[in-house]
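What follows is a set of notes on a single structure, which appears directly below.
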Amino acid sequence: MSENYILPIDGNWTVDDIVKISNLVDSVLEVYEAGVPKSKLLARYNEFRDVLPAKSEQKRFDKDFERQTGRSIYKTLKLAQSTTKDKVRG
């Protein structure tokens with residue numbers, strides 16, 4: 001992604017955790033550029049939830065992400081869940 005943003009990384013996360021978070025962020029942004037396969041987006045969201053299992057943590061992360069990028073993880077996932085197509089486009 002060409003935009004600059006700073007992910008709120010927790011000092012307790014492993015490199016694998018950071019990769020999972022980054023993969024979801026990239027997929028969410030890609031939905032609004034070229035589209036992403038629905039299965040890929042949902043799989044990456046499940047990995048994100050493994051890293052941030054608490055809803056409050058997810059909401060805090062999403063709020064910061066939306067403030068920086070103008071895109072919401074929550075709204076993107078709602079879009080994915082409501083579409084019947086194989087590819088999610090925003």
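The numbers here are math on the coordinates, done by the rules we state, and not lab data. Just so you know, these numbers come straight off a predicted model, no measurement behind them. For neighbour counting, all protein chains shown are included, and Cβ atoms are generated from backbone atoms with ideal geometry for every residue, glycine included.
Data for the structure
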item: Phi-based couplings in Hz for the stretch 31-44 (Karplus 6.51, -1.76, 1.60; Gly and Pro marked x); result: 3, 8, 9, 10, x, 9, x, 4, 4, 5, 4, 5, 5, 5
item: Contact order relative to length of the stretch 15-80, as percent, for alpha carbon pairs under 8 angstrom and 6 or more apart; result: 36
item: Gyration tensor (Cα) of the stretch 15-80, equivalent ellipsoid semi-axes in angstrom; result: 16, 14, 11
item: Close Lys-Lys pairs in the chain, where close means Cα under 15 Å and separation is 8 or more or interchain; result: 14
item: Residues VAL88, VAL28, VAL15 arranged by fewest to most Cβ contacts within 10 Å; result: VAL15, VAL88, VAL28
item: Exposed chymotrypsin sites (Phe, Trp or Tyr not before Pro) absent - longest run of the chain, DSSP non-H/G/I/E/B, at most 15 other C-beta within 10 Å; result: 14-90
